[in-house]
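A short write-up of the structure that comes next.
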Amino acid sequence: MTNNKTSFTPEVETPSDPHNAPPSPDRARRWLVLYPRAIPLAIFLAIAAITALSVFAIESNARARERAQMREYAQGVAAALDRSSSGFSSYLRAGAALFSSLDEVSPETFDNFVRALKLNTEYSGAEGIGWVPVLEAGDLPDYYARTRARQPDFPDIYPRAGSNTGRIAPVTMFAPASPRNRRALGYDMYSDPARAAAMAEAEVTLRPAASGRTDLTQETSGTAPAFAIYMPAFRLGTAGERQLVGFVYTPFRAREFLDAAISREGRRTFGVRLYDGEASTGHLLVARSIGAAASATVQQQVKIADRELQLVIESPNAQVLSPLSMVTLSFGLALASLLMLLARLLTQQAYEDQARLVFFEEQHSIRNSLTRELNHRVKNTLANVLSILSLTRRRASGLDDFADSLEGRIRALSATHDLLTVTDWGTTPIRAVIEAELQHFRSALDDAILLDGPDVELAPNDALSFGLAVHELATNAAKYGALSVAGGQVTIRWQRGADPAGETAWAEVEWQETGGPPVASQRRRGFGTELIEKIVAHELRQPVALEFDPAGVRCVLRVPIRRPADFRIREKPGELAQRTG
C-alpha cells in the first residue's frame with residue numbers, strides 16, 4: 001500500500017520589473033496611498049523648516065543691524081566723553097601755565113581766570129575747577145596765616161590736619177563758589193590713594209592725569225562715584241630747577257559725566273556702563289542699566305586724560321520676534337497648514353480610491369470563485385441527495401419515517417449556506433461551521449462523526465473558505481469514504497496554534513476518516529481536490545495537506561484567527577469611506 005500525500009503553499013507575488021515601472025503620476029499616487037499621513041506631515045515640516053530658516057535669517061540680519069547701531073552709538077558716546085575731558089584738560093593746562101608764572105595765586109587771580117573760562121559745568125558733569133597748592137608739613141602755619149587773611153572762614157586741613165610728615169595738598173580755591181563746593185575747601189588730596197596716584201603721574205608726565213574711582217562724600221551730600229583730572233604747575237627755582245607749586249584740578253561726577261555724553265549723542269534703548277579699566281564688577285564706575293539681562297554687548301575703549309576706561313553698550317534681551325519675523329512666521333505656518341490640509345485631502349482621496357479598487361477586485365474574484373463553486377455544488381448537492389436517500393432508506397422503519405428524515409436532511413443542506421449570511425459577515429464559531437456542513441450527515445449517522453476542539457471564532461471569508469473545504473471533504477466521504485459505508489467514522493479535531501512571536505494565530509484542523517473503503521492508490525484529481533488545495537489554501541493563506549492513505553483520507557489545514565480590524569471592511573462595506581479616512 002502506498003501513501004499518497006499532497007501539500008500546497010500559497011504563492012507569493014514577486015516584485016515587478018523596474019523597467020516596467022508605472023509613469024510618474026501613478027508613482028506619485030502610489031506614494032500617496034502608501035504614506036497617507038507621512039506625506040502631509042513631511043510637507044508641513046518642510047514648509048515649517050523653510051519658514052524657520054527665513055525667520056532665522058531675518059533675525060540674524062536684525063541682530064547684525066542692531067550690533068552695528070550699538071557700535072555706532074558706543075563710538076558716539078566715547079567721542080562725547082573724550083570731548084568733555086579734552087575740553088577741561090585744556091582749561092587745566094591754561095590754568096597751570098598761568099599759575100606757574102605767578103609768585104602767588106590770589107583769590108582774585110583765580111576768580112578772574114574762572115570767569116574768563118565761562119564754565120558750563122551742567123553740560124559736562126564737572127563740579128568746577130580748583131587750585132591745590134603742594135605744601136610741606138613745616139609750611140602749614142604760614143599757609144594758614146596767608147589763606148585766612150583773605151578767607152577768614154577757611155577750615156582746617158582734613159583729614160591730615162596737624163601731620164608733620166610728607167607733603168600736603170589742600171583744596172584752597174574752588175569755583176564756582178557754591179555751598180556744596182565750599183565743603184571741599186581744606187581737603188588734603190594726598191589723603192586719598194587714588195587721587196595721590198593721579199597727582200604723582202601728572203607730576204611725572206607733565207600732562208593732565210585722571211584718577212581712579214573716588215567718592216565725593218567730603219564734597220557733596222551723599223556718596224557718589226567720581227574721578228578727577230589733575231594738571232601740575234611748576235615754577236623755576238633759584239638754581240634753575242623745576243619746583244612743583246600745586247595742581248589745577250577738575251572733579252567729575254561719574255553719573256552726570258556719562259549722562260551728559262549720552263544726552264549729546266541722543267538717548268536710546270541701549271544700556272550703558274562705564275568701567276575704570278577692564279569690564280568687570282569690581283571696576284564698575286557708573287551704569288545706566290536697561291533693567292534686564294543683556295542679549296548683546298559692544299565694548300569701546302575710552303581714554304580720559306591718559307587713563308583707559310571701558311565703555312560697554314548693552315542691548316535689551318528681546319523676548320519677542322521682530323514684526324517682519326512675526327509676519328513671516330505667521331504666513332509660513334498658515335501656508336504649511338494649508339498645504340498639509342490639501343495633501344491630506346489628496347492622500348485620503350487616493351487611499352479611498354485604492355481601497356475601493358482592492359475591494360472591488362476582491363469581490364470580483366470572490367464572485368468568480370463562487371460561480372464555479374455554485375456549479376460544482378449543484379452536482380454535489382445531487383450526489384448528496386442520492387446519498388441521503390440511500391442512508392435514509394437503510395435506516396428508515398417505514399414510509400412516514402423515510403419521508404420525514406429525507407425532508408429534514410435536505411433542509412440541513414440549505415442551512416450550510418444560510419449560516420454565513422445570518423451572521424451579517426461577523427465572526428462565526430468554527431464548530432458552527434462544521435456542524436452546518438455536516439448537519440444532514442449527523443442526523444443520519446450521529447455516532448459516525450466526532451467533533452473535538454476549543455471555541456474559536458473565524459473571520460467571514462475564512463469561515464466561508466473553511467466551510468467549502470469541510471463540505472468537499474464530507475461530500476467525498478459520503479461518496480467514497482468513511483460515510484459511504486456502515487461502520488465508517490470521521491473524527492474532526494482542532495486546536496489553537498501561534499508562531500513564537502505571537503503575532504500570527506491559527507486554528508489547526510485535522511480531518512481523519514477510519515473504517516471506510518480502502519482508498520485507491522491511483523485516483524483521478526477532481527474539482528474538489530483542486531478546490532481544497534488551491535482555492536481554499538489561497539484564501540486562507542495557509543498550507544493545506546491532503547493524505548490519501550489506504551486506511552482513510554486525512555486532511556490537515558490551518559485557518560487564520562484574525563483580529564476584527566483585519567476584516568472590518570468586508571464585515572461592513574458601507575464603512576469603507578470611514579475606514580480609509
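Do any residues in the range 321-349 that are in contact (Cβ under 8 Å) with a residue 24 or more places away in the chain have Cβ atoms under 7 Å from those of residues that are among the small types (Gly, Ala, Ser) and surrounded by fewer than 15 Cβ atoms within 10 Å (Cβ to Cβ), where the two are at least six apart or on different chains, and which pairs are they? So the pair list comes out as Gln348/Gly581.
Among the residues of the range 402-409, not a single one is surrounded by 15 or more Cβ atoms within 10 Å (Cβ to Cβ), outside any helix (DSSP H, G or I) and modelled with pLDDT of 70 or more.
Apart from one condition, Glu278 fits all of (1) under 16 Å from Leu81 (Cβ atoms); (2) modelled with pLDDT under 85; the exception is (1).
Out of the range 239-272, which residues are outside any helix (DSSP H, G or I), under 19 Å from Ile129 (Cα atoms) and out of contact with any Phe, Trp or Tyr (no Cβ under 8 Å at 6 or more places or on another chain)? Passing the criteria: only Arg253.
Rundown of residues vs (1) closer than 30 Å to Val312 by Cα; (2) in a helix (DSSP H, G or I); (3) touching a Phe, Trp or Tyr at 6+ places or on another chain (Cβ under 7 Å), yes/no style:
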| position | (1), (2), (3) |
| --- | --- |
| Ile47 | no, yes, no |
| Phe56 | yes, yes, no |
| Ala62 | yes, yes, no |
| Gly76 | yes, yes, no |
| Val132 | no, no, yes |
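Taking the range 481-581 as the region of interest, the helices (runs of 4 or more DSSP H) fully inside it that hold 3 or more residues being within 25 Å of Asp455 (Cβ to Cβ), at pLDDT below 80 and of a type outside the set (Val, Ile, Thr) are 537-540, 568-571.
Could you tell me how many of the residues in the range 98-119 are assigned to a helix (DSSP H, G or I), surrounded by fewer than 20 Cβ atoms within 10 Å (Cβ to Cβ) and touching a residue at least 12 places away in the same chain (Cβ under 8 Å)? Summing the residues that are assigned to a helix (DSSP H, G or I), surrounded by fewer than 20 Cβ atoms within 10 Å (Cβ to Cβ) and touching a residue at least 12 places away in the same chain (Cβ under 8 Å) in the range 98-119 gives 5. Looking at Thr6, Thr51 in this structure, which one is modelled with pLDDT of 65 or more and not hydrophobic (A, V, I, L, M, F, W, C)? Just one listed residue meets the conditions, Thr51. Here Val470 meets the list (1) without any contact (Cβ under 8 Å) to a residue 40 or more places away in the chain; (2) more than 14 Å from Thr514 (Cα to Cα) almost entirely, failing just condition (1). Put simply, of Asp499, Asp462, Asp455 the only residue that is assigned by TED's automatic domain parsing to the domain that holds Ala520 and under 24 Å from Ser365 (Cβ atoms) is Asp462. When the range 130-145 is limited to residues that are of a type in the set (D, E, K, R) and at pLDDT below 90, the one that is surrounded by the fewest Cβ atoms within 10 Å (Cβ to Cβ) turns out to be Glu136.
The values are calculated or read from the model by the stated rules, or taken from the named source; none is laboratory data. Quick caveat, the model's predicted, so the values are computed rather than measured. Heads up, the Cβs are rebuilt from the backbone with ideal geometry, glycines too, and the neighbour counts pull from every protein chain shown.
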